């Protein structure tokens, strides 16, 4: 079980995806992410590889205006829908059952904040970042927050967009801007 850390849904518990197919961002790591970048008020958020939806739901709790969740796995879809219903935030978000690359390729929205938390060791981080920039879906002052395995480095051609990094032995968080 994980919980919302702060905001209007503070301390509300969220369901997790059954089994080991999903690796939810721990409460500790979510607290670190949300204390590093704190401006969520009235923002439009995209949660890619959404899993439980915890990152996007935490952003809603902290004042985001809207969240789009993108997930393909059926068990994760059911969990996100359950968590949305649990919080009663159906009017503030939408869940897309799509592969992330397909969603980004056809996306016409601009997002203020984009969370990327793909499965580790699948080499999805850099192609996802390239697709976001190629399709120009990050708003002018937008921020991308990436959770990735420490061994999976952000490509050098994106290094000038990085403004913050925090790492542990097994995972890293990288913040990028336009």
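Some values worked out for this structure:
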{"item": "Between helix 74-87 and the chain: long-axis angle, C-alpha atoms, 0 to 90°, nearest 10", "result": "60"}
{"item": "Cα-based helix-to-principal-axis angle, 27-36 vs the chain, degrees rounded to 10", "result": "60"}
{"item": "Percent of Cα-Cα distances greater than 14 Å, calculated over segment 114-153", "result": "44"}
{"item": "Förster-model FRET efficiency, 30 Å R0, residue 162 and residue 99, C-beta, rounded to 0.05", "result": "0.70"}
{"item": "Beta bridge orientation in the chain: antiparallel %, DSSP, nearest 5", "result": "40"}
{"item": "Label point at residue 23 placed 7 Å out along Cα→Cβ; residues across segment 161-178 whose backbone nitrogen lies under 19 Å", "result": "165-175"}
{"item": "Span from the segment 23-63 Cα centroid across to the segment 83-118 one, whole angstrom", "result": "12"}
{"item": "Shape of the chain, Cα gyration tensor, a/c cut at 1.5", "result": "rounded"}
{"item": "Semi-axis lengths (Å, descending) of the ellipsoid that matches the C-alpha gyration tensor of segment 1-42", "result": "21, 13, 9"}
{"item": "Relative contact order (percent, whole number), the chain, Cα cutoff 8 Å, 6+ residue spacing", "result": "18"}
{"item": "Gain on full stretching of the segment that runs from residue 3 to residue 37 - 0.36 nm per residue minus C-alpha separation", "result": "10.3 nm"}
{"item": "Chain lengthening between residue 81 and residue 106 when straightened (0.36 nm per residue, less Cα-Cα)", "result": "6.7 nm"}
{"item": "Rounded tilt (10° steps) of 125-134 against the dominant C-alpha axis of the chain", "result": "80"}
{"item": "Share of Cα-Cα pairs in segment 127-178 lying beyond 18 Å, as whole percent", "result": "27"}
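Every number in this text was worked out from the coordinates using simple rules, so none of it is lab data. What you are looking at is a predicted structure, and each value in this text was computed from that prediction instead of being measured. Because the Cβ atoms are built from the backbone with ideal geometry, glycine has one as well, and the counts that use them run over all protein chains shown.
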